[in-house]
Amino acid sequence: MAAGMKKLSKTFVWILMGMLIVGLAGFGAVNFTGNASAVATAGDQEISVQDYARALQREQQRLQQQTGQPMTISQMVSFGLDRAVLSRLVATAALDNEVEALGISIGDETLLKEITQIDAFHNAAGEFDRDTYSFSLDRAGLSERQFEEDVRRETARILVQEAMMSAVEMPHTMTTVITDYIGARRSFDWVQLRTDETAMIAVAPTDAELQGFYEANPALFTLPETKQITYALLSPDMVLEEIEVDEATLRKMYEERSAEYQVPERRLVERLVFVNEDEATAAKAAIDAGETTFEALVQDRGLALSDVDMGDVAITELDTAGEAVFAAETGTVTDPQPTDLGPALFRINGLLEARSTSFEEAEAALRDEVAADRARRLIEDQSEEIDDLLAGGITLEELTDEAGLEVSSLSWTAESEEGVAAYSAFREAAAAVSADDFPEVAFLEDGSLFALRLDDVLPERPEPLADAQDKALRGWNEEQRLNALKTQADAILDRAETNGAFDDGLEVTSETGLTRTAYIDGTPADMMNAVFALEPGKLQVVADAESTVILRLTEVLPPEQTDDLAALEDALASQLDQALAEAIYQAFAADSQLRAQPTVDQSAINAVHTTFQ
């Protein structure tokens with residue numbers, strides 16, 4: 001019982017701390033001027049207006065912390081959150097009513113022990129403090145009597161829950177059936193026919209055959225909903241001629257980025273530190289004598305090479321060891337060198353040459369960068385004026401003369417990804433635009449300004465065969481190839497059924513003891529499902545667009561009793577037991593609520609909402 005109560009104490013601490021955080025953050029009890037004392041009842045239990053207000057406040061604070069935005073009571077009501085809060089309170093009250101009817105509670109001694117173990121009521125010395133207890137509850141808007149009653153009810157609910165959910169076991173038959181299904185194995189032979197290995201005589205379809213294929217496959221020739229859109233665009237490239245960049249600005253940028261243009265020589269280095277000079281010297285001597293390697297020394301320390309890897313370093317980063325490291329050849333190990341951590345051996349794995357870029361070499365790229373940045377700012381400066389022109393009724397076409405924008409049109413679908421439709425900002429605007437919208441200024445990811453207008457919406461419609469000749473021809477040829485494969489596979493299957501074996505000369509692959517989750521590259525996606533649906537000795541053809549396979553099941557095998565399967569069975573049994581226990585408890589909670597016959601006082605709820613901060 002003591003162990004159980006310790007567990008209950010930990011559970012209740014989190015509930016209490018949530019209440020105290022709300023109180024100490026300034027969310028005190030709401031004052032009410034009406035006569036109503038309860039917003040709802042469940043059996044003999046009442047949900048007070050204060051309890052409802054505190055629960056709403058906790059929900060409000062939680063949402064504000066998650067979203068970073070203020071959440072008003074009207075927003076919570078519109079989202080149905082007030083109903084969700086009330087529903088939780090009613091469910092809890094119904095359980096309290098049931099627990100009280102069962103006569104389950106805790107004694108004063110246990111209650112005192114639970115309360116004195118709560119850290120929120122401890123002083124700086126870690127001991128329960130009576131003044132801290134009273135002060136904390138007062139700030140949370142709770143009286144000591146209310147809080148202690150809450151502790152009793154919460155603990156009793158947990159006792160009932162644990163009593164109902166402990167020792168609940170799902171019948172082992174279900175676990176066995178599921179693990180047998182997962183672990184079941186099959187052995188089978190298969191022959192594969194690939195589309196690229198099938199010889200086809202080039203035959204052009206007649207007009208009637210092509211028309212028949214077109215009519216039999218309407219999904220292949222259905223055009224998606226299409227928006228006819230006109231848009232105006234002003235990109236940084238279009239205003240670059242207006243941008244002037246002086247050399248002084250470029251030289252200043254060059255100097256500020258000197259680290260990018262004057263890169264010193266660097267080395268790829270590993271460092272192994274030793275306790276003293278003698279150990280480091282002995283290790284270097286062993287390497288030179290071929291008795292060990294740098295890798296072996298690292299492993300002997302219980303380290304990995306990644307633990308001693310310093311990456312690429314400049315000479316100034318190695319202090320007194322820098323000169324020796326940079327004088328060594330790539331692939332060699334230095335003599336012991338002093339470091340802040342002690343004497344160390346350095347292995348040089350690579351050399352990165354110094355790079356020096358003159359101003360003249362960098363000037364063109366710097367000029368383009370500055371010009372592009374100024375062009376974007378210029379467009380941003382013009383955006384308000386362009387938006388005002390659009391708001392004043394000017395058309396997109398008139399923006400060409402008024403503001404220098406280029407006007408174009410396109411047929412846009414959700415699959416469009418070329419040109420301006422490659423930008424996500426344009427795609428989002430195109431997807432959202434309607435015939436009632438007026439053009440507004442927006443920006444692309446590269447700083448371009450655009451505005452668009454919806455001219456027409458074409459619904460899904462058949463693509464005329466005249467416009468889809470190439471697609472229809474490719475589809476017809478693919479269908480002929482698949483049909484030829486199917487005919488060839490059926491013939492192989494028929495002969496195998498007659499002869500009891502696949503034809504000589506065919507490449508037959510045998511698989512032994514594969515499970516349902518086995519994957520064989522290049523085979524139809526549904527092949528393993530087909531394997532497990534067959535009876536021993538039976539054959540079947542399985543095909544997709546890339547491959548056709550003839551299967552013959554040779555053996556049905558039970559699951560292999562491995563440690564992995566045993567672990568899976570144990571985990572599955574635990575999950576099923578937990579699911580059953582939770583289902584039983586939820587059924588008990590639902591039945592408790594049904595028998596408690598809850599009632600709600602909407603006027604009291606409205607009173608809480610009107611005084612809510």
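The values are calculated or read from the model by the stated rules, or taken from the named source; none is laboratory data. These numbers come from a predicted model, not from an experiment. Because the Cβ atoms are built from the backbone with ideal geometry, glycine has one as well, and the counts that use them run over all protein chains shown.
Residue count for region 414-432 under the criterion of being surrounded by 15 or more Cβ atoms within 10 Å (Cβ to Cβ) and within 14 Å of LYS227 (Cβ to Cβ): the result is 7. Among the residues here, LEU594 does not qualify as part of a loop (DSSP other than H, G, I, E, B), at pLDDT 90 or above, over 30 Å from the mean Cα position of the chain (by Cα) and of a type in the set (A, V, I, L, M). Hey, any hits in region 256-268 for a residue that's more than 30 Å from GLU363 (Cα to Cα) and out of contact with any Phe, Trp or Tyr (no Cβ under 9 Å at 6 or more places or on another chain)? Yes: region 256-268 contains one or more residues that are more than 30 Å from GLU363 (Cα to Cα) and out of contact with any Phe, Trp or Tyr (no Cβ under 9 Å at 6 or more places or on another chain). None of ALA466, ALA484, ALA472 is assigned to a helix (DSSP H, G or I), without any contact (Cβ under 8 Å) to a residue 40 or more places away in the chain, within 27 Å of PRO205 (Cα to Cα) and small (Gly, Ala, Ser) except ALA466.
Table: residues versus (1) loosely packed, with under 13 Cβ neighbours inside 10 Å; (2) in a helix (DSSP H, G or I); (3) assigned by TED's automatic domain parsing to the domain that holds LEU551; (4) touching a residue at least 24 places away in the same chain (Cβ under 8 Å).
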| residue | (1), (2), (3), (4) |
| --- | --- |
| GLU479 | no, yes, yes, yes |
| GLN488 | no, yes, yes, yes |
| ALA496 | no, yes, yes, yes |
| SER510 | yes, no, yes, yes |
| ARG516 | no, no, yes, yes |
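Mind checking which residues of region 216-268 are outside any helix (DSSP H, G or I), modelled with pLDDT under 90 and polar (S, T, N, Q)? Selection gives GLN262 alone.
Taking the condition of a type in the set (A, V, I, L, M) and in contact (Cβ under 8 Å) with a residue 60 or more places away in the chain, does ALA589 pass?
Details: of a type in the set (A, V, I, L, M): yes; in contact (Cβ under 8 Å) with a residue 60 or more places away in the chain: yes.
In short, yes.
Just one of the numbered conditions (1) outside any helix (DSSP H, G or I); (2) surrounded by fewer than 16 Cβ atoms within 10 Å (Cβ to Cβ) is not true of ALA567: (1). Of THR249, THR293, all but one fail to be among the hydroxyl-bearing types (Ser, Thr, Tyr), more than 24 Å from LEU318 (Cβ to Cβ), surrounded by 12 or more Cβ atoms within 10 Å (Cβ to Cβ) and more than 42 Å from the chain's Cα centre (by Cα); the exception is THR249.
Across region 179-192, a minimum of one residue is classified as of a type in the set (Ser, Thr, Tyr), surrounded by fewer than 16 Cβ atoms within 10 Å (Cβ to Cβ) and part of a helix (DSSP H, G or I). Might you let me know whether region 528-540 holds any residue that is over 35 Å from the mean Cα position of the chain (by Cα), outside the structural domain of PRO70 (by TED's automatic domain parsing) and in a strand (DSSP E or B)? Within region 528-540, one or more residues are over 35 Å from the mean Cα position of the chain (by Cα), outside the structural domain of PRO70 (by TED's automatic domain parsing) and in a strand (DSSP E or B).
Annotation for region 194-205: no member residue is at positive phi and either without any contact (Cβ under 8 Å) to a residue 60 or more places away in the chain or part of a helix (DSSP H, G or I) (or both). Taken together, LEU223, LEU272 contain a single residue that is within 36 Å of the chain's Cα centre (by Cα) and surrounded by 12 or more Cβ atoms within 10 Å (Cβ to Cβ), which is LEU223.
Being without any contact (Cβ under 8 Å) to a residue 24 or more places away in the chain and within 26 Å of VAL420 (Cα to Cα): is that true of ASP373 here? Full working, then the answer.
Numbers: without any contact (Cβ under 8 Å) to a residue 24 or more places away in the chain: yes; within 26 Å of VAL420 (Cα to Cα): yes.
Spelling it out, ASP373 is indeed without any contact (Cβ under 8 Å) to a residue 24 or more places away in the chain and within 26 Å of VAL420 (Cα to Cα).
Just checking, which of ALA140, ALA120, ALA124 is more than 25 Å from THR599 (Cα to Cα), loosely packed, with under 13 Cβ neighbours inside 10 Å and among the small types (Gly, Ala, Ser)? Explain how you work it out, then say what you get.
On the way: ALA140 fails: loosely packed, with under 13 Cβ neighbours inside 10 Å; ALA120 fails: loosely packed, with under 13 Cβ neighbours inside 10 Å.
Going through ALA140, ALA120, ALA124 in turn, just one is more than 25 Å from THR599 (Cα to Cα), loosely packed, with under 13 Cβ neighbours inside 10 Å and among the small types (Gly, Ala, Ser): ALA124.
Meeting the requirement of 1 or more residues that are over 22 Å from PRO338 (Cβ atoms), the helices (runs of 4 or more DSSP H) wholly within region 284-327 are 294-300, 305-308.
At pLDDT 95 or above, touching a strand residue (DSSP E or B) at 6+ places or on another chain (Cβ under 6 Å) and not aliphatic (A, V, I, L, M), is that true of THR512?
Numbers: at pLDDT 95 or above: yes; touching a strand residue (DSSP E or B) at 6+ places or on another chain (Cβ under 6 Å): yes; not aliphatic (A, V, I, L, M): yes.
Judged against the criteria, THR512 is a match.
Looking across region 106-148, the residues that are outside any helix (DSSP H, G or I), at negative phi, in contact with a Phe, Trp or Tyr (Cβ under 9 Å, 6 or more places away or on another chain) and not acidic (Asp, Glu) come down to GLN117, ILE118, HIS122, PHE128, ALA140. Within region 545-554, can one find any residue that is assigned to a strand (DSSP E or B), at pLDDT below 90 and at negative phi? Scanning region 545-554, I find at least one residue that is assigned to a strand (DSSP E or B), at pLDDT below 90 and at negative phi, so the answer is yes.
Residue-level analysis places GLU415 among those that are out of contact with any helix residue (DSSP H, G or I) (no Cβ under 8 Å at 6 or more places or on another chain), assigned to a loop (DSSP other than H, G, I, E, B) and either among the charged types (D, E, K, R) or under 13 Å from LEU233 (Cα atoms) (or both). Cβ separations smaller than 7 Å between residues 6+ apart or across chains give the following pairs from region 551-572 residues that are in contact (Cβ under 8 Å) with a residue 40 or more places away in the chain to residues that are among the aromatic types (Phe, Trp, Tyr) and part of a strand (DSSP E or B): LEU551/PHE188; LEU551/TRP190; ARG552/PHE188; LEU553/PHE188; THR554/PHE188.
Quick one: is ILE584 in the same structural domain as GLU98 (by TED's automatic domain parsing) and either out of contact with any Lys or Arg (no Cβ under 9 Å at 6 or more places or on another chain) or surrounded by 14 or more Cβ atoms within 10 Å (Cβ to Cβ) (or both)? First the steps, then the outcome.
Values: in the same structural domain as GLU98 (by TED's automatic domain parsing): no; either out of contact with any Lys or Arg (no Cβ under 9 Å at 6 or more places or on another chain) or surrounded by 14 or more Cβ atoms within 10 Å (Cβ to Cβ) (or both): yes.
Criteria not met by ILE584.
Just one of the listed residues (PHE426, PHE359) is at pLDDT 95 or above and either touching a strand residue (DSSP E or B) at 6+ places or on another chain (Cβ under 9 Å) or closer than 30 Å to SER258 by Cβ (or both), namely PHE426.
Within region 356-397, the set of residues being in a loop (DSSP other than H, G, I, E, B) and either among the acidic types (Asp, Glu) or surrounded by 17 or more Cβ atoms within 10 Å (Cβ to Cβ) (or both) comprises LEU396, GLU397.
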